[in-house]
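What follows is one structure encoded as structure tokens, with my remarks underneath.
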2 protein chains.
Amino acid sequence: MPSWLLGQTAQHAGRLVVDGFSSVGARGYHYRVLATLEDFGPASQATLGRRSGIHLSDMVATVNELAELAFVERAADPADRRRNVISLTKAGKRQLRRLENRLAASQDELLAPLSPEERASLTGLLATLLDHHNRRAGIPEERWR
Amino acid sequence: MPSWLLGQTAQHAGRLVVDGFSSVGARGYHYRVLATLEDFGPASQATLGRRSGIHLSDMVATVNELAELAFVERAADPADRRRNVISLTKAGKRQLRRLENRLAASQDELLAPLSPEERASLTGLLATLLDHHNRRAGIPEERWR
DNA sequence: AGCGAATCGTTCGGTCGACCAACGATCATG
DNA sequence: CATGATCGTTGGTCGACCGAACGATTCGCT
């Protein structure tokens with residue numbers, strides 16, 4: 001029963017990752033937003049949400065928290081007064097490095113019992129699944145703004 | 001980044017499974033308790049919790065709900081008056097069958113893009129991971145009661 | 001130019017899974 | 001018998017996810 005396996009494994013993985021993040025005072029949404037910002041550059045909150053898969057309403061709180069910590073900057077978009085342009089600060093980049101380190105550590109712990117070939121195989125299979133389900137869920141290849 | 005992949009894939013999987021369950025008016029804990037009951041037989045709530053990985057306090061509500069629906073029976077244990085002995089009813093077994101069907105359907109949808117060999121490979125890798133982390137998290141080996 | 005539709009940010013609320021603290025009742029062991 | 005453990009229960013926290021509603025703004029079409 002792969003669903004059970006996937007679920008249980010994901011629970012372990014999630015616990016590892018969450019613990020790693022919380023040891024730096026962050027949570028999952030923080031990493032996802034910071035990483036998305038670095039990968040795609042500054043963007044509006046709605047666009048950020050689409051790219052990272054975070055609900056618009058949750059994005060508000062997340063950006064509030066990150067801005068409070070000065071990891072992110074919220075500026076009015078002169079070209080569209082509905083929009084806030086969110087951008088990564090120096091401190092935000094440093095935090096992102098910290099979170100990536102934690103993530104790598106969690107990763108090593110999670111995949112400890114697997115050989116390099118097995119790790120590659122697992123990654124490939126998961127990527128196939130993810131690609132398929134992202135595609136059918138309509139992720140529009142985001143390059144907007 | 002396997003953690004990201006695992007997490008995202010698990011999210012898709014979780015959505016599929018949860019949607020499947022909720023279409024029969026159930027949630028994850030219901031399936032886990034019913035399945036554990038069938039696999040191990042009647043048991044106290046605490047034992048059920050250990051076997052299914054559900055917190056004792058959450059078990060209360062879950063058993064309440066299942067008993068309300070007559071999927072499960074709560075009887076006082078004559079040998080230990082602290083305990084409730086929970087057992088599966090006929091209707092509970094039928095519900096379990098329904099949930100298993102939904103689960104199988106979710107499974108098919110999840111693994112659609114994978115060949116049979118790939119499915120086996122994925123299952124094996126996940127089982128390895130799960131086994132390892134279960135082991136290191138303390139194996140109860142539950143056969144009590 | 002103007003009007004209706006769509007988008008953006010925001011607030012509120014709700015579900016679900018996981019977990020913790022406390023408490024009375026009961027049992028087990030010294 | 002006293003002390004400590006276990007069981008069921010209540011009530012609360014937290015994070016991730018989702019939906020409804022609303023004012024402000026912009027877009028698209030005629």
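Annotations for the structure displayed:
- Residue that is within 14 Å of residue B:25 (Cα to Cα) and in contact (Cβ under 8 Å) with a residue 24 or more places away in the chain, where the choices are B:88, B:66: B:66
- Flag if residue A:112 is more than 16 Å from DNA strand D (Cβ to nearest atom), at pLDDT below 95, in a loop (DSSP other than H, G, I, E, B) and open to solvent by 50 Å² or more (accessible area, probe 1.4 Å): yes
- Residues in segment B:47-95 that are more than 11 Å from DNA strand C (Cβ to nearest atom), within 23 Å of residue B:134 (Cβ to Cβ) and not polar (S, T, N, Q): B:48, B:50, B:51.
- Members of segment A:70-97 that are open to solvent by 60 Å² or more (accessible area, probe 1.4 Å) and either small (Gly, Ala, Ser) or within 16 Å of DNA strand D (Cβ to nearest atom) (or both): A:74, A:76, A:78, A:79, A:81, A:82, A:83
The values are calculated or read from the model by the stated rules, or taken from the named source; none is laboratory data. Keep in mind that what you see is a predicted model, and the values were worked out from it rather than measured. Virtual Cβ from ideal backbone geometry, glycine too; neighbours counted across all protein chains shown. The area values use the complete protein model at the heavy-atom level, side chains included, leaving out ligands, DNA and RNA. Shrake-Rupley method; radii C 1.70, N 1.55, O 1.52, S 1.80 Å.
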